[in-house]
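Before any comments, here is the structure.
The values are calculated or read from the model by the stated rules, or taken from the named source; none is laboratory data. It should be emphasised that the depicted structure is a prediction, and the values quoted were computed from it without experimental measurement. Methodologically, a virtual Cβ is constructed for each residue, glycine included, from the backbone with ideal geometry; neighbour enumeration extends over all protein chains shown. For accessibility, only protein heavy atoms count, side chains too; no ligands or nucleic acids. Shrake-Rupley method; radii C 1.70, N 1.55, O 1.52, S 1.80 Å.
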Amino acid sequence: MLHKRHPQLNRHGELMHLLSIEGLPRDILTHILDTAANFVSVNDREVKKVPLLRGKSVFNLFFENSTRTRTTFEIAAKRLSADVFNLDIARSSTAKGETLLDTIDNLSAMAADIFVVRHSESGAPYLIAQHVAPHVHVVNAGDGRHAHPTQGLLDMYTIRHYKKDFSNLTVAIVGDVLHSRVARSDIHALTTLGAAEVRVVGPRTLVPSDLSHMGVRVCHTLEEGIKDADVIITLRLQNERMSGALLPSSQEYFKSFGLTPEKLRLAKPDAIVMHPGPINRGVEIDSAVVDGPQSVILPQVTFGIAVRMAVMSIVAGNDA
């Protein structure tokens with residue numbers, strides 16, 4: 001029954017696929033973060049490799065554009081000594097009408113061990129995870145508006161690195177929450193890890209009305225949202241996902257919700273500023289903040305490699 005309730009866990013309660021942070025117990029999240037801490041030092045070595053996935057094949061299936069996520073997954077897999085294959089979806093058989101599961105079957109026949117999947121349809125990685133053989137693992141690299149679990153985990157790693165403990169933290173997630181799979185993953189992770197207060201901040205048109213049941217405080221002014229915050233996570237305005245006039249203009253948005261050095265002073269003096277990227281400078285965040293002393297946006301990317309190494313090494317060790 002456990003496997004039925006938890007499509008990500010095997011019958012021993014171990015992580016077999018990473019599809020979403022929602023529903024994962026705190027000890028599994030902590031285990032991923034602790035494992036990632038061991039991999040951070042690999043980045044500083046002359047030979048940046050460990051043999052944990054030697055002989056394994058990792059297929060990156062990105063049905064949506066991505067630079068940062070795809071590259072860090074590729075680096076992470078190579079640092080684990082895996083063989084890595086990047087499928088060019090635009091030129092693949094799916095462009096000729098092959099179904100998603102037919103593509104998976106054909107790649108599985110090529111002895112795939114791990115599929116890293118980004119897809120515009122929410123739930124696509126779940127469908128693949130239900131379909132693959134018991135020794136094959138699926139890692140969700142972002143599905144629709146639903147989830148982006150490795151981004152959520154690297155955000156948690158970054159927060160833990162700078163703030164040590166979640167229990168006293170006030171974290172503000174600012175911006176286009178409506179379209180953000182990162183925001184959902186961050187909220188699930190922060191509440192599971194015991195953050196004191198999670199605030200969601202944005203205009204009414206970009207904040208879903210049903211968020212209060214997720215244990216967050218909804219704020220519709222930036223001033224209220226970031227006052228005395230320890231951590232501010234700014235989100236990109238996802239214009240490509242917007243239909244209709246959700247915003248008057250990006251300039252208007254910046255005036256009300258853009259994070260500037262002046263507004264940042266409302267947060268705690270040692271507050272850190274994060275962003276999942278790519279950044280629209282001068283829209284959701286001022287360049288002076290991006291490049292300023294409280295920004296940890298580039299360390300997030302570095303930590304992302306270690307977190308993705310941790311996830312792939314953990315799932316690869318657990319069969320159904």
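Per the conditions (1) buried (at least 19 other Cβ atoms within 10 Å of the Cβ); (2) closer than 16 Å to R236 by Cβ, the sole criterion not satisfied by V307 is (2).
If you go through the range 212-226 and pick out every residue that is part of a helix (DSSP H, G or I) and over 19 Å from the mean Cα position of the chain (by Cα), you end up with 7. Taking the criterion of being open to solvent by 50 Å² or more (accessible area, probe 1.4 Å) and without any contact (Cβ under 8 Å) to a residue 40 or more places away in the chain, the residues of the range 198-223 that qualify are R204, S209, D210, S212, H213, G215, R217, V218, H220, T221. No other residue among I279, I232 is surrounded by fewer than 19 Cβ atoms within 10 Å (Cβ to Cβ), of a type in the set (V, I, T) and either within 21 Å of the chain's Cα centre (by Cα) or at pLDDT below 95 (or both) apart from I279.
Residues checked against (1) at pLDDT 95 or above; (2) open to solvent by 70 Å² or more (accessible area, probe 1.4 Å); (3) farther than 24 Å from R181 by Cβ:
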residue: L53; (1), (2), (3): yes, no, yes
residue: V58; (1), (2), (3): yes, no, no
residue: R79; (1), (2), (3): yes, no, yes
residue: N86; (1), (2), (3): no, no, no
residue: S93; (1), (2), (3): no, no, yes
residue: K96; (1), (2), (3): no, yes, yes
residue: I114; (1), (2), (3): yes, no, no
residue: S120; (1), (2), (3): no, no, no
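Among the residues of the range 282-304, the one identified as open to solvent by less than 20 Å² (accessible area, probe 1.4 Å) and assigned to a strand (DSSP E or B) is I285. For the range 125-180, the set of residues classified as touching a Lys or Arg at 6+ places or on another chain (Cβ under 9 Å), within 18 Å of T69 (Cβ to Cβ) and among the aliphatic types (A, V, I, L, M) consists of V139, A141, A147, L153, L154, listed by residue number. As for the range 284-303, it holds at least one residue that is under 14 Å from the mean Cα position of the chain (by Cα), within 21 Å of T35 (Cβ to Cβ) and not hydrophobic (A, V, I, L, M, F, W, C). Taking the range 23-128 as the region of interest, the strands (runs of 3 or more DSSP E) fully inside it that hold 3 or more residues being aliphatic (A, V, I, L, M) are 114-119.
Looking for something surrounded by fewer than 23 Cβ atoms within 10 Å (Cβ to Cβ), modelled with pLDDT under 95, more than 21 Å from the chain's Cα centre (by Cα) and in a helix (DSSP H, G or I) - is there at least one such residue anywhere in the range 257-270? Within the range 257-270 (the criterion being surrounded by fewer than 23 Cβ atoms within 10 Å (Cβ to Cβ), modelled with pLDDT under 95, more than 21 Å from the chain's Cα centre (by Cα) and in a helix (DSSP H, G or I)), the answer is no, since none of the residues qualifies. The selection criterion, being in a loop (DSSP other than H, G, I, E, B), open to solvent by less than 60 Å² (accessible area, probe 1.4 Å) and closer than 18 Å to S57 by Cα, does not hold for A195.
Reported count of residues in the range 166-181, each being modelled with pLDDT of 95 or more, farther than 18 Å from P269 by Cβ and open to solvent by 10 Å² or more (accessible area, probe 1.4 Å), is 2. The residues on offer are T67, T71, and the sole one that is free of Cβ contacts under 8 Å to residues at least 12 places away in the same chain and either over 22 Å from D319 (Cα atoms) or in contact with a helix residue (DSSP H, G or I) (Cβ under 7 Å, 6 or more places away or on another chain) (or both) is T71. Look at the range 294-313: where a residue is without any contact (Cβ under 8 Å) to a residue 60 or more places away in the chain and a partner is open to solvent by 10 Å² or more (accessible area, probe 1.4 Å) and assigned to a helix (DSSP H, G or I), sitting 6+ places away or on another chain with Cβ atoms under 8 Å, you get Q294/L264; I297/V290. Checked against (1) without any contact (Cβ under 8 Å) to a residue 60 or more places away in the chain; (2) under 26 Å from L33 (Cα atoms), A109 meets all criteria but (2). Restricting to the range 129-165, and then to whatever is under 18 Å from D105 (Cβ atoms) and in a helix (DSSP H, G or I), can you tell me which residue is most open to solvent (accessible area, probe 1.4 Å)? Result: Q130. Here D44 does not fit the description of being at pLDDT 90 or above, acidic (D, E) and either touching a His at 6+ places or on another chain (Cβ under 9 Å) or open to solvent by 70 Å² or more (accessible area, probe 1.4 Å) (or both). Of the candidates A229, A183, the single residue that is outside any helix (DSSP H, G or I) and closer than 26 Å to V307 by Cβ is A229.
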